[in-house]
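Take a look at the structure below.
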Ligand SMILES: Nc1ncnc2c1ncn2[C@@H]1O[C@H](COP(=O)(O)OP(=O)(O)OP(=O)(O)O)[C@@H](O)[C@H]1O
């Protein structure tokens with residue numbers, strides 16, 4: 001340390017307090033960065049890296065950004081997930097002897113950013129804090145820019161933790177090291193990077209100071225601990241009081257329908273699976289809100305559909321009343337259009353970084369409130385009337401701003417020009433002095449021109465010399481001697497001052513300085529006054545948001561022909577002519593095929609849907625889920641008629657290959673999810689499984705699919721929609737009393753297949769995979785070859801007449817090998833195993849209920865081999881001895897009781913064996 005200059009020493013001392021952040025160190029008009037900060041910032045911000053003598057001989061890496069354009073650079077770093085600590089000069093450099101004191105005044109982090117582009121137009125920016133205590137996990141989520149603060153807790157469950165965090169899509173997560181470690185690898189959040197901070201300090205007194213003893217005492221211990229941790233961090237980074245956090249909204253996780261991150265994503269509730277864009281999601285379809293706080297509230301409603309019938313009905317009633325009132329909706333929208341983002345405006349006022357323009361935006365917004373109240377009071381909706389009659393006009397606050405702030409104030413709050421004339425007497429006097437002084441100067445210019453006869457003489461001003469008289473060089477000789485004191489020589493001109501000019505200058509500058517100081521303090525006084533009324537303003541923002549959401553839902557429902565659902569406490573779901581709102585919206589008018597849904601306690605409770613690829617199975621299943629979600633959030637639904645029971649959870653397992661996360665295979669993820677489903681689903685849940693078991697071999701996949709369906713049927717007893725490409729599973733209809741086969745209708749004409757997109761009773765007869773492959777434009781040679789293979793298989797199957805095999809065989813190469821082998825037993829397959837070290841071994845296991853011939857329980861093992869070149873099974877020479885290791889594995893498989901294993905166990909067992917075969 002000693003080798004460095006005092007300034008660098010000071011830098012290093014401050015930097016110790018902000019080790020995980022870039023330190024923006026104020027030096028005059030610049031924020032400078034040094035050492036590693038400088039090297040990295042130069043790279044990230046694409047600015048020049050220089051060096052500075054800092055003592056110790058070597059040059060210290062340095063880079064800097066101008067104070068006036070720092071915001072832009074700060075936000076670029078924040079967007080990349082970094083933190084930025086702002087270190088300011090705490091003393092006036094001009095009047096301080098020695099080193100100016102410097103301190104960190106705020107640490108801006110991705111979760112605490114209050115301004116700038118980083119905050120998307122409408123969406124929230126949450127920071128989430130995770131803690132655990134007494135076997136409970138607590139989560140608090142805070143958006144400093146809007147003043148929202150949510151708090152909840154539950155018994156320790158990793159699944160719940162991930163589900164809940166997924167809803168907030170936080171940009172920053174802090175708290176308990178172990179919990180952070182748990183969520184870090186698998187977090188399903190939006191496109192933004194997430195910043196993680198292990199943070200375990202906590203300060204209860206900060207929370208008590210913020211919300212009072214009573215609120216504190218009402219919180220459970222684990223929640224207290226969580227808030228105390230969050231506030232400790234906020235205090236450390238923001239270093240000021242957080243007036244915008246006026247309330248803590250606690251909630252119980254089981255008050256809302258549970259939608260895990262996979263389900264939210266699969267159903268494309270807020271963004272699409274393909275490119276994670278908002279466009280194409282359910283939210284973007286139903287978002288006709290006019291205000292940002294309305295848009296955020298709508299998003300919260302989608303994230304957390306309600307479970308209480310009366311609350312849902314209250315919302316539905318408001319939508320219903322507006323649905324039928326086109327003109328009223330228009331009028332309400334017109335008022336809302338003029339209302340700015342109240343939550344963020346108010347947030348900035350409380351935080352202390354609102355400027356004159358923010359004040360005026362608030363004023364303009366408040367001006368719309370009386371008309372909005374009037375409209376709602378006269379609406380036929382009791383809910384809207386209720387909101388309107390409790391709505392606070394805040395017109396006193398509007399008047400305050402109106403009296404104080406000019407119509408077009410500047411951005412900066414320090415340069416004056418904000419306060420209206422007549423607002424403050426002394427300010428007016430100072431202004432008069434300054435204006436008079438300037439007028440005097442203008443007159444002086446005219447007088448000097450006349451006295452000297454120099455027409456081009458002018459009076460100018462700069463920061464260094466103040467006011468001066470400027471004369472071009474060619475006219476200097478005409479100046480009278482003695483009166484002018486030369487101050488500056490330019491290429492073509494000379495600049496002079498006179499004692500008279502300097503005297504006036506002092507008066508003007510003093511008045512201006514005082515004026516700016518006074519304006520600033522008047523502005524702060526007004527801002528503080530408004531900040532003191534923040535609760536009223538926040539309540540107003542929330543009520544405006546709610547009105548906005550109702551008009552949005554009503555507008556969409558009317559535009560898209562949605563109907564009011566009947567919410568029931570019963571079990572049955574009855575949808576007539578249901579539609580997928582988003583798929584329908586992108587289709588030409590009328591071409592979407594509506595389908596009914598009927599699911600009852602007894603029969604049918606589970607719909608097993610077969611049908612070719614592209615037939616519309618996924619669309620159908622998703623539409624049922626979306627209708628439920630829309631209904632429970634209080635919206636109309638895309639159907640001709642709908643009776644919707646309240647669901648506690650929608651669970652979807654859609655086997656798309658795009659959900660590879662954390663290095664797990666799709667199949668592993670699928671199985672882990674199914675395991676959670678078996679644990680969590682209740683009779684009031686809706687389960688949607690699309691193409692279960694696709695990620696593994698046919699026989700395994702089908703065995704698992706069957707076992708899962710049986711489990712859902714016998715042990716969970718909830719509604720389920722299951723689509724499968726295993727047509728063989730349709731036999732389940734015979735053994736499971738509440739399961740019915742359905743399929744998506746197709747029409748065959750000669751060589752053509754037409755998808756009718758109609759759900760019909762009964763299983764599909766064919767999968768038309770090859771037809772779809774042709775539609776997708778696969779080369780003719782491949783299509784021909786595939787057709788050939790199918791026929792070959794069919795021929796072999798006929799020959800063997802293996803009724804039991806009909807369950808497992810499909811047109812893939814693997815199965816052909818097994819079917820074509822002489823016998824599906826150990827000895828029959830043995831010949832295939834010889835000399836195939838270089839080939840891929842694929843092993844499949846299948847348990848048949850009963851071997852018909854032997855009339856006793858038997859396990860049949862199939863081992864088949866692919867040749868890598870053409871994925872075509874090849875029979876190999878049958879002489880050599882079987883490898884003992886292979887024998888062992890086969891034995892193990894033969895004795896394994898696969899059917900009595902849980903799906904996860906079965907999968908692990910088979911994977912283990914596969915690995916052994918591969919290791920041979
Ligand atoms: N009810 C419908 N009316 C009109 N078009 C539909 C309907 N349902 C689906 N489609 C169209 O068919 C396409 C395929 O639908 P979907 O993905 O649901 O089929 P799928 O049977 O699940 O196919 P796969 O098994 O290949 O996933 C959709 O993208 C949509 O354009």
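What to note about this one:
- In the set 631, 639, only one residue is buried (at least 23 other Cβ atoms within 10 Å of the Cβ), over 22 Å from the mean Cα position of the chain (by Cα) and more than 16 Å from the ligand (Cβ to nearest atom); that residue is 631.
- Check on residue 405, crowded, with 18+ Cβ neighbours inside 10 Å, more than 60 Å from the chain's Cα centre (by Cα) and at pLDDT 90 or above: no
- Qualifying positions in the range 505-535 - surrounded by fewer than 16 Cβ atoms within 10 Å (Cβ to Cβ) and either part of a helix (DSSP H, G or I) or touching a helix residue (DSSP H, G or I) at 6+ places or on another chain (Cβ under 7 Å) (or both): 506, 507, 509, 510, 513, 517, 521, 524, 525, 528, 529, 535
Residue-wise test of (1) assigned to a strand (DSSP E or B); (2) in contact with a helix residue (DSSP H, G or I) (Cβ under 6 Å, 6 or more places away or on another chain); (3) free of Cβ contacts under 8 Å to residues at least 24 places away in the same chain.
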| site | (1), (2), (3) |
| --- | --- |
| 16 | no, no, yes |
| 25 | yes, yes, no |
| 43 | no, no, yes |
| 61 | yes, yes, no |
| 64 | yes, no, no |
| 71 | no, no, no |
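- Residues considered: 630, 626, 607. Of these, the only one that is closer than 30 Å to residue 255 by Cβ, at pLDDT 95 or above and part of a strand (DSSP E or B) is 607.
- Test result for residue 614, more than 16 Å from the ligand (Cβ to nearest atom) and assigned to a loop (DSSP other than H, G, I, E, B): no
- Listed by position, the helices (runs of 4 or more DSSP H) enclosed by the range 212-325 that each have at least 3 residues that are within 20 Å of the chain's Cα centre (by Cα) are 261-266, 282-286, 292-303.
- Residue count for the range 714-734, restricted to those that are within 15 Å of residue 704 (Cβ to Cβ) and modelled with pLDDT under 90: 5
- For the range 576-601, filtering for residues that are within 10 Å of the ligand (Cβ to nearest atom), outside any loop (DSSP other than H, G, I, E, B) and out of contact with any strand residue (DSSP E or B) (no Cβ under 8 Å at 6 or more places or on another chain) leaves 2.
- Within the range 749-771, one or more residues are more than 23 Å from residue 652 (Cβ to Cβ), modelled with pLDDT of 80 or more and under 37 Å from the mean Cα position of the chain (by Cα).
- Test: residue in the range 727-740 that is touching a helix residue (DSSP H, G or I) at 6+ places or on another chain (Cβ under 9 Å), buried (at least 21 other Cβ atoms within 10 Å of the Cβ) and without any contact (Cβ under 8 Å) to a residue 60 or more places away in the chain: no
- Test: residue in the range 421-436 that is surrounded by fewer than 14 Cβ atoms within 10 Å (Cβ to Cβ) and in contact (Cβ under 8 Å) with a residue 60 or more places away in the chain: yes
- Selection status of residue 237, in contact with a strand residue (DSSP E or B) (Cβ under 7 Å, 6 or more places away or on another chain), without any contact (Cβ under 8 Å) to a residue 24 or more places away in the chain and not assigned by TED's automatic domain parsing to the domain that holds residue 341: no
- A search for C-beta distances below 7 Å between a residue of the range 608-619 that is farther than 10 Å from residue 723 by Cα and in the same structural domain as residue 718 (by TED's automatic domain parsing) and any residue that is near the ligand (Cβ under 6 Å from one of its atoms) and at pLDDT 90 or above, counting only pairs 6+ apart in sequence or on different chains, returns 619/583.
- So residue 360, is it over 20 Å from residue 329 (Cα atoms) and modelled with pLDDT under 90: no
- Each residue in the range 633-673 was checked for being modelled with pLDDT of 95 or more and farther than 21 Å from residue 600 by Cα, and 4 pass.
- Listed conditions (1) closer than 30 Å to residue 401 by Cβ; (2) surrounded by fewer than 23 Cβ atoms within 10 Å (Cβ to Cβ) are all met by residue 541, apart from (2).
- Test: residue in the range 322-336 that is out of contact with any helix residue (DSSP H, G or I) (no Cβ under 8 Å at 6 or more places or on another chain) and within 30 Å of residue 690 (Cα to Cα): no
- Looking only at the range 3-14, and only at residues there that are out of contact with any helix residue (DSSP H, G or I) (no Cβ under 8 Å at 6 or more places or on another chain) and not in a helix (DSSP H, G or I), the one that is modelled with the lowest pLDDT: 3
- Residues of the range 726-747 satisfying the condition of being assigned to a strand (DSSP E or B) and within 16 Å of the ligand (Cβ to nearest atom): 741, 742, 743, 744, 745, 746, 747
- Among the residues of the range 552-575, the one identified as within 16 Å of the ligand (Cβ to nearest atom) and under 28 Å from the mean Cα position of the chain (by Cα) is 560.
- Being within 16 Å of the ligand (Cβ to nearest atom) and surrounded by fewer than 24 Cβ atoms within 10 Å (Cβ to Cβ) is a property that residue 604 lacks.
The values are calculated or read from the model by the stated rules, or taken from the named source; none is laboratory data. What you see is a predicted model; the values in this text were computed from it and never measured. Cβ atoms come from the backbone with ideal geometry, glycine included; neighbour counts cover every protein chain shown.
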